[in-house]
1. With crowded, with 24+ Cβ neighbours inside 10 Å, facing chain A (nearest Cβ under 8 Å) and polar (S, T, N, Q) as the only criterion, which of B:53, B:23, B:71 stands out?
2. Got a number for residues in the range C:37-48 being surrounded by 23 or more Cβ atoms within 10 Å (Cβ to Cβ) and facing another protein chain (nearest Cβ under 10 Å)?
3. Confirm whether residue D:101 is free of Cβ contacts under 8 Å to residues at least 12 places away in the same chain and surrounded by fewer than 23 Cβ atoms within 10 Å (Cβ to Cβ).
4. Please verify whether residue A:34 is surrounded by fewer than 17 Cβ atoms within 10 Å (Cβ to Cβ) and modelled with pLDDT of 95 or more, treating the condition exactly as stated.
5. If we scan the range A:85-93, do we find a residue that is among the polar types (S, T, N, Q) and surrounded by fewer than 23 Cβ atoms within 10 Å (Cβ to Cβ)?
6. Of the residues that make up the range C:109-127, is at least one within 10 Å of chain D (Cβ to nearest Cβ) and either hydroxyl-bearing (Ser, Thr, Tyr) or within 16 Å of the chain's Cα centre (by Cα) (or both)?
7. Within the range B:2-57, which residues are at positive phi and more than 12 Å from the chain's Cα centre (by Cα)?
8. Among the candidates D:98, D:59, D:86, D:44, which residue alone is touching a strand residue (DSSP E or B) at 6+ places or on another chain (Cβ under 6 Å), closer than 17 Å to residue C:57 by Cα and modelled with pLDDT of 95 or more?
Protein chains: 4
Amino acid sequence: METFDRTRAEKIVAHMMEKDEFSRWMGVEILEVNEGYCKISCPIKQEMLNGFSVTHGGIAFSLADSALAFSAATYGRVSLAIENSISFTRKTVTGNKITAESNCLNLTHKTGLFEVKVLDQDNNLVALMKATVYRTSDEFPV
Amino acid sequence: METFDRTRAEKIVAHMMEKDEFSRWMGVEILEVNEGYCKISCPIKQEMLNGFSVTHGGIAFSLADSALAFSAATYGRVSLAIENSISFTRKTVTGNKITAESNCLNLTHKTGLFEVKVLDQDNNLVALMKATVYRTSDEFPV
Amino acid sequence: METFDRTRAEKIVAHMMEKDEFSRWMGVEILEVNEGYCKISCPIKQEMLNGFSVTHGGIAFSLADSALAFSAATYGRVSLAIENSISFTRKTVTGNKITAESNCLNLTHKTGLFEVKVLDQDNNLVALMKATVYRTSDEFPV
Amino acid sequence: METFDRTRAEKIVAHMMEKDEFSRWMGVEILEVNEGYCKISCPIKQEMLNGFSVTHGGIAFSLADSALAFSAATYGRVSLAIENSISFTRKTVTGNKITAESNCLNLTHKTGLFEVKVLDQDNNLVALMKATVYRTSDEFPV
């Protein structure tokens, strides 16, 4: 039985975030890291809008996907999303701020099931993601 | 029974693309528009990478989601993705070019089912999306 | 703004269940009905097993799908599942009892987003479903 | 590089089917087995209907899930569905016959991505499934 090492988890996430150019482009801020858990946020900016002048669906997905990747990494092994299902429930626009909170619901030796909630600044549900990651045998060198 | 108007469909997609700031940031190019169909592509650039130095999952999703939106719009009514499920099968890196091809598999008065294939420049499957859109009653003013 | 009528919701669900031959074959028991909510259970019997002598994936799905249908019906209009995504986390076998609990997470005029948890008799997560229903304009004649 | 052994694949599927009590209850018939591929069918009977007197969603799912399991088994290793996403496009009723055709779209050492089409007797699309399986290291003893 492994013991969770929060300091190492925070280092791993900080290290991933530092190299994650797209999350940096989005302006992602890491709010909380815990075992199988990560909460991050980003502001909605002009370049994130689609042809209807609302936030492109890819932005909520991307924020959720980053939160997923970080939360899966807290267990210490390199993990890759293989299947993500997302439902959209609310539009956001420039000036809004969205937050993604990823939670591990089930962990096996090689896979993990996560749920990620995307909320706006007023805690309204913007999108809900259910995702499966594949856990490689590579430990993070951190 | 409505008749498909390809010229109008192309105008609608061109109009959406012109206003779609995120697709423009991605460098999306529209390759083909047809009834319930759209094929688009974009190059993978440095700012699209994640913490593992491969393309962020959100990029393949976003390209697929734009192709989906354009293909749904070819029917003339404003349509919104409500559920997107995506499976990732292959990594891409800077210098690669990815293409998303969206096809309508089923259309009802208020919903549509689409499948979107994301391929790399060598026609390898990068991701597969299955998505449901909600069709509003608003006609595009084009 | 509609007011929730629990007595009518219970009548609708009882009426649906009475005519639902497959749920009756499964031995479904209705445990609780509320606004956008339904909890049901069934025992795992020999005829529900697959070629590995564990419960066929279709059984957990079917129980979840029945709970979904009942919970969506509590709003009074005939509603149809259009997309269901399910993740499996734990095997069950003959003699086990599984429970499905469906909750509405978002409701619009024409669609609804639901999450359904399937648990075994010890409250372990067996499967998690995220589903979208289409709400017709037909009111239940109850 | 493994060579595909069709005779062994057919034996594995026949062996699974023989023990699969739920597929037998459904009246599943195996129509074709090939590498990463399986086509099966079943008739819609009275006990498969839901409260609206149409086929319960769990039946199309279950047939697709059996086809998925058989097609994944053709590679020789015990494989388990971990995530299934299904979209429903058409009702069926008693007297109809449905067919499920599963195809492997991508195979890695530990996972596989499959697409399963469910069609009615007139080749109309009834449901579309996208699914991920986990491939254990256990070889079938066949």
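The values are calculated or read from the model by the stated rules, or taken from the named source; none is laboratory data. As the structure is a prediction and not an experimental result, all values here were calculated from the model. Every residue, glycine among them, receives a Cβ derived from its backbone with ideal geometry; neighbour counts consider all protein chains shown.
1. Working: B:53 fails: crowded, with 24+ Cβ neighbours inside 10 Å; B:71 fails: facing chain A (nearest Cβ under 8 Å).
None of the other options fit; the residue is B:23.
2. Of the residues in the range C:37-48, 1 are surrounded by 23 or more Cβ atoms within 10 Å (Cβ to Cβ) and facing another protein chain (nearest Cβ under 10 Å).
3. On the way: free of Cβ contacts under 8 Å to residues at least 12 places away in the same chain: no; surrounded by fewer than 23 Cβ atoms within 10 Å (Cβ to Cβ): yes.
Against the criterion (free of Cβ contacts under 8 Å to residues at least 12 places away in the same chain and surrounded by fewer than 23 Cβ atoms within 10 Å (Cβ to Cβ)), residue D:101 does not qualify.
4. Working: surrounded by fewer than 17 Cβ atoms within 10 Å (Cβ to Cβ): yes; modelled with pLDDT of 95 or more: yes.
When the stated conditions are applied, residue A:34 passes them.
5. Of the range A:85-93, the ones among the polar types (S, T, N, Q) are A:85, A:87, A:89, A:92.
Right, trim to surrounded by fewer than 23 Cβ atoms within 10 Å (Cβ to Cβ) and you get A:89, A:92.
Looking for residues that are among the polar types (S, T, N, Q) and surrounded by fewer than 23 Cβ atoms within 10 Å (Cβ to Cβ), one finds at least one in the range A:85-93, hence yes.
6. Taking the range C:109-127 first, the residues within 10 Å of chain D (Cβ to nearest Cβ) are C:127.
Subsequent filtering for residues that are either hydroxyl-bearing (Ser, Thr, Tyr) or within 16 Å of the chain's Cα centre (by Cα) (or both) retains C:127.
Looking through the range C:109-127, at least one residue is within 10 Å of chain D (Cβ to nearest Cβ) and either hydroxyl-bearing (Ser, Thr, Tyr) or within 16 Å of the chain's Cα centre (by Cα) (or both).
7. Kept after step one, since they are at positive phi, are these residues of the range B:2-57: B:27, B:36, B:53.
Matches in the range B:2-57: B:27, B:53.
8. On the way: D:98 fails: closer than 17 Å to residue C:57 by Cα; D:59 fails: touching a strand residue (DSSP E or B) at 6+ places or on another chain (Cβ under 6 Å); D:44 fails: closer than 17 Å to residue C:57 by Cα.
Every option except D:86 fails the conditions.
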